[in-house]
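Here the structure is laid out as structure tokens; the discussion comes afterwards.
The values are calculated or read from the model by the stated rules, or taken from the named source; none is laboratory data. As the structure is a prediction and not an experimental result, all values here were calculated from the model. Using ideal geometry, Cβ is built from the backbone for each residue, glycine included, and neighbour counts are taken over all protein chains shown.
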Amino acid sequence: MKTPPITTGLFLDELPYVATGSGPDPLIIFPHIRETFEDIREAHWCRRWLRRFSKNNHSVYIIGRSLKMPRNFTTESMAADYARVVRNCLGPATIMGFSLGGLVAQHFAAANPDLTNSLVLGVAGVQIGSGRLPQLRQWITLARQGDWQQIYLHITSLMHTGMTEDKYEWALPLLQSSIHHKPRWPQRFIASVQASIEHDGTSALAAITTPALVIGGTCDTLFPGDILRHTASLVPGARLVLLEGAGHGAFDEHKRAFDKEVLNFLKACEANT
């Protein structure tokens, strides 16, 4: 079977996107904070994600956040940007948010039920676990100092459950030698981290009326299991899936199990429409 072509561009001259497929049902992915490190139109991981989720009748879009993101931009502000794109350019869609993208998706779905056919919150909860807040504040300090190596190393450790302290120390010299570049838009990273720290989705989650899946890992330290359980309890009728042994990188480290749960949920939603 021929692989569908991939298209790229800017929505509203501001939000970058990559897309594939020609099905009638849009699936829109709000990505994690990694999209602040590079232009997603050039990122290989985006193309891998398009292949993963271009199933059934979906046309799949991965949409980054504003390239002009100002200071003090909130997850609610990011959701409003996405709403302008979806309402003016794409129409009602399945919304899937990962990590920071999942925080934004909470506000999007609450404010725009007419644009949200179904909702997947991947490794994202009502708020960040308090134990990780000092580290995120440290990322802002490191970013302002231009120490991007340390930020990348911290994120690598956070995403991989197998990165124990002894392995981290062993891998540190190799990782340091391979990481040199700084993001093209450093302010986008700083604003995104600050928005994540300040996020509280309690009111938004309670207002969501569309079918929703909350999926994460039992070993996630950014959004621990108790936070994910509370998140699902706040959304009327939400389904909760916790992947045993998975951390914050569950969507990559436990890719098959993660994708199976997501695609089964989407099929069930489509069957009920």
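Side notes on the structure shown:
- Cβ-Cβ under 7 Å pairs, at least 6 apart or on other chains, region 132-157 side within 20 Å of residue 71 (Cα to Cα), far side aromatic (Phe, Trp, Tyr) and in a helix (DSSP H, G or I): 143/189; 151/139
- Any pair with Cβ under 8 angstrom, 6 or more apart, that starts in region 95-116 at a residue that is in contact (Cβ under 8 Å) with a residue 24 or more places away in the chain and ends at one that is in a helix (DSSP H, G or I) and of a type in the set (Lys, Arg): 112/87; 115/87
- Matching residues in region 124-167 - criterion: being crowded, with 18+ Cβ neighbours inside 10 Å, over 21 Å from residue 188 (Cα atoms) and either modelled with pLDDT of 95 or more or among the acidic types (Asp, Glu) (or both): 125, 126
- Test: residue 223 is modelled with pLDDT under 95, under 17 Å from the mean Cα position of the chain (by Cα), of a type outside the set (Lys, Arg) and within 27 Å of residue 73 (Cβ to Cβ): no
- Checking the stated criteria, residue 188 turns out to be modelled with pLDDT under 95, of a type in the set (Lys, Arg), on the phi < 0 side of the Ramachandran plot and surrounded by 14 or more Cβ atoms within 10 Å (Cβ to Cβ).
Listed here are the residues, each with its yes/no results for (1) over 28 Å from residue 266 (Cα atoms); (2) more than 13 Å from the chain's Cα centre (by Cα); (3) polar (S, T, N, Q).
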position	(1), (2), (3)
77	no, yes, yes
80	no, yes, no
90	no, yes, no
98	no, no, no
110	no, yes, no
148	yes, yes, no
151	yes, yes, no
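- Residues of region 12-56 that turn out to be within 23 Å of residue 264 (Cα to Cα), without any contact (Cβ under 8 Å) to a residue 60 or more places away in the chain and assigned to a loop (DSSP other than H, G, I, E, B), as a count: 5
- Residue in region 71-88 that is outside any helix (DSSP H, G or I), at pLDDT below 95 and touching a Lys or Arg at 6+ places or on another chain (Cβ under 7 Å) present: no
- Failed item, numbered, when residue 82 is tested on (1) closer than 28 Å to residue 146 by Cα; (2) of a type in the set (Phe, Trp, Tyr); (3) surrounded by 22 or more Cβ atoms within 10 Å (Cβ to Cβ): (1)
- Residue that is out of contact with any strand residue (DSSP E or B) (no Cβ under 8 Å at 6 or more places or on another chain), among the small types (Gly, Ala, Ser) and farther than 21 Å from residue 126 by Cα, where the choices are 257, 271: 271
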